[in-house]
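The values are calculated or read from the model by the stated rules, or taken from the named source; none is laboratory data. Keep in mind the model is a prediction, meaning the values are calculated, not measured. Please note: Cβ atoms are built from the backbone with ideal geometry, for glycine as well, and neighbour counts cover all protein chains shown.
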Amino acid sequence: MPFDSFQDFIIMGGYGLYVWLSFFLSFVVIALVALETAIARKSLRKKSQQLQNRQQRLAKRQRSVSQ
Amino acid sequence: MWRWLHPYAKPEATYRLVEKLLPWFAALTFISLAVGVAWGLAFAPADYQQGDSYRIIFLHVPAAIFSMGAYAGMAIMGGIALIWQIKTAEWSIPAIAPVGAALTVVALLTGAIWGKPMWGTWWVWDARLTSELILLFLYIGVMALYFAFDDARTGAKAAAILSLVGVINLPIIHYSVEWWNTLHQGATITKFERPSIATSMLIPLLICLAGFLFLTISLVMMRLKNEILRHELGRPWAQQELEKN
């Protein structure tokens with residue numbers, strides 16, 4: 001282990017701010033991409049629901065017209 | 001080979017394959033990144049010149065390598081889309097581009113944060129940094145072109161052509177540290193000689209590299225699933241798939 005204590009690990013020989021900031025920002029950027037992908041999936045589900053409802057309404061109307 | 005590959009031109013077949021592989025790649029991502037990052041941060045020795053600031057390498061180098069790797073993959077998909085007109089190849093372009101752009105942003109950010117204590121500046125307009133910034137603009141251009149047309153297939157073709165043209169930037173990024181004077185250091189592992197890094201640092205770096213490879217593949221797979229569903233929304237299988245969870 002290059003660090004003697006947990007405090008040493010946080011301080012990173014004086015470079016703590018740079019090291020932790022770069023790890024934090026990288027995590028945020030990657031997490032944003034993953035989050036956006038998950039949100040897109042949810043909105044697709046909604047769109048699919050709307051599309052199906054519309055198709056059902058159209059089918060119903062067509063039936064009532066033909067009768 | 002064609003008999004094996006041909007079914008995957010059918011979107012649903014590609015979707016099922018991606019769905020089957022994704023959990024494995026996601027698991028590999030978490031394991032390798034957890035091990036690699038913990039090893040790099042806490043157990044690898046400090047650098048004799050840069051002290052502990054060099055630990056940024058465990059994010060910076062993998063992100064930079066796969067920002068270029070993702071671009072190469074996107075260009076190959078663009079070529080397949082143009083030559084064989086395979087729709088799933090077209091759809092993989094908007095699946096890859098945002099992931100590649102995010103990796104480019106990570107490489108630029110970690111590079112700037114590393115540059116401040118080591119070079120005394122966040123940014124210089126030298127060859128390596130500028131060419132990597134152009135890579136980000138190429139990704140943004142590909143995404144913008146893809147969605148710029150009313151006809152989705154025209155947009156896909158335009159984006160595929162731009163992604164192929166932009167490949168010229170990849171060797172420029174890689175050799176920029178040799179061709180021009182730059183603050184950026186030369187290649188450490190992506191060269192034919194022995195890596196110029198101690199084994200105790202190389203092993204966690206390689207694990208982080210594997211982690212970023214799996215991360216890139218996992219994110220692209222997640223986005224490709226969305227992209228396939230978006231185009232197949234009217235079909236029963238896609239509707240069933242979206243109702244499942």
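Away from chain A (no Cβ under 14 Å) and buried (at least 20 other Cβ atoms within 10 Å of the Cβ), is that true of B:GLY166? Give the derivation first.
Working: away from chain A (no Cβ under 14 Å): yes; buried (at least 20 other Cβ atoms within 10 Å of the Cβ): yes.
Answer is yes for this residue.
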### Query
For segment B:153-245, which helices (runs of 4 or more DSSP H) that fit wholly inside it have 3 or more residues that are more than 22 Å from the chain's Cα centre (by Cα) and farther than 15 Å from B:ILE96 by Cα?
B:199-231, B:236-244
### Boolean, B:PRO23 is crowded, with 20+ Cβ neighbours inside 10 Å and under 23 Å from the mean Cα position of the chain (by Cα)
no
### Query
List pairs: first in segment A:14-38 and at the interface with chain B (Cβ under 8 Å from one of its Cβ atoms), second outside any helix (DSSP H, G or I), Cβ under 9 Å, 6+ apart or cross-chain?
A:GLY14/B:GLY51; A:TYR15/B:GLN50; A:TYR15/B:GLY51
### Query
From B:GLU132, B:GLU243, B:GLU178, B:GLU232, which residue is within 20 Å of B:TYR54 (Cβ to Cβ) and among the charged types (D, E, K, R)?
B:GLU132
### Residue tally, condition among the aromatic types (Phe, Trp, Tyr), touching a Gly at 6+ places or on another chain (Cβ under 7 Å) and in a helix (DSSP H, G or I), over segment A:10-46
0
### Query
Which residues, taken from segment B:28-48, are at the interface with another protein chain (Cβ under 8 Å from one of its Cβ atoms), part of a loop (DSSP other than H, G, I, E, B) and free of Cβ contacts under 8 Å to residues at least 60 places away in the same chain?
B:ALA46
### Query
Among the residues of segment B:139-152, how many are touching a residue at least 60 places away in the same chain (Cβ under 8 Å) and over 13 Å from B:PRO94 (Cα atoms)?
0
### Task
Would you check if there is a residue in segment B:49-56 being outside any loop (DSSP other than H, G, I, E, B) and in contact with a Ser or Thr (Cβ under 8 Å, 6 or more places away or on another chain)?
yes
### Task
Name the residue, out of A:GLN62, A:GLN52, A:GLN56, that is within 11 Å of chain B (Cβ to nearest Cβ), among the polar types (S, T, N, Q), over 18 Å from the mean Cα position of the chain (by Cα) and more than 24 Å from B:GLY100 (Cβ to Cβ).
A:GLN52
### Task
Please work out which residue is nearest to the other protein chains (Cβ to nearest Cβ), limiting yourself to segment B:178-228 and to residues that are surrounded by 14 or more Cβ atoms within 10 Å (Cβ to Cβ) and of a type in the set (D, E, K, R).
B:ARG223
### Query
So which of B:THR88, B:THR130 is more than 21 Å from B:LEU215 (Cβ to Cβ) and surrounded by fewer than 18 Cβ atoms within 10 Å (Cβ to Cβ)?
B:THR130
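Could you please find all residues in segment B:122-146 being within 13 Å of chain A (Cβ to nearest Cβ) and more than 20 Å from the chain's Cα centre (by Cα)?
Across segment B:122-146, the qualifying residue is only B:TRP122.
Per-residue answers, yes or no, for (1) in contact with a Pro (Cβ under 8 Å, 6 or more places away or on another chain); (2) at pLDDT 90 or above; (3) closer than 30 Å to B:ALA46 by Cα:
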{"site": "A:MET1", "(1), (2), (3)": "no, no, yes"}
{"site": "A:PHE6", "(1), (2), (3)": "no, no, yes"}
{"site": "A:ILE10", "(1), (2), (3)": "no, no, yes"}
{"site": "A:LEU17", "(1), (2), (3)": "no, yes, yes"}
{"site": "A:PHE27", "(1), (2), (3)": "no, yes, yes"}
{"site": "A:ALA38", "(1), (2), (3)": "no, yes, no"}
{"site": "A:LYS46", "(1), (2), (3)": "no, yes, no"}
{"site": "A:GLN50", "(1), (2), (3)": "no, yes, no"}
{"site": "A:GLN56", "(1), (2), (3)": "no, no, no"}
## Note on the structure
For segment B:229-245, the count of residues that are facing chain A (nearest Cβ under 9 Å) and of a type in the set (S, T, N, Q) equals 2
### Query
Just one of B:VAL106, B:VAL124, B:VAL99 is touching a residue at least 40 places away in the same chain (Cβ under 8 Å) and outside any helix (DSSP H, G or I); which is it?
B:VAL124
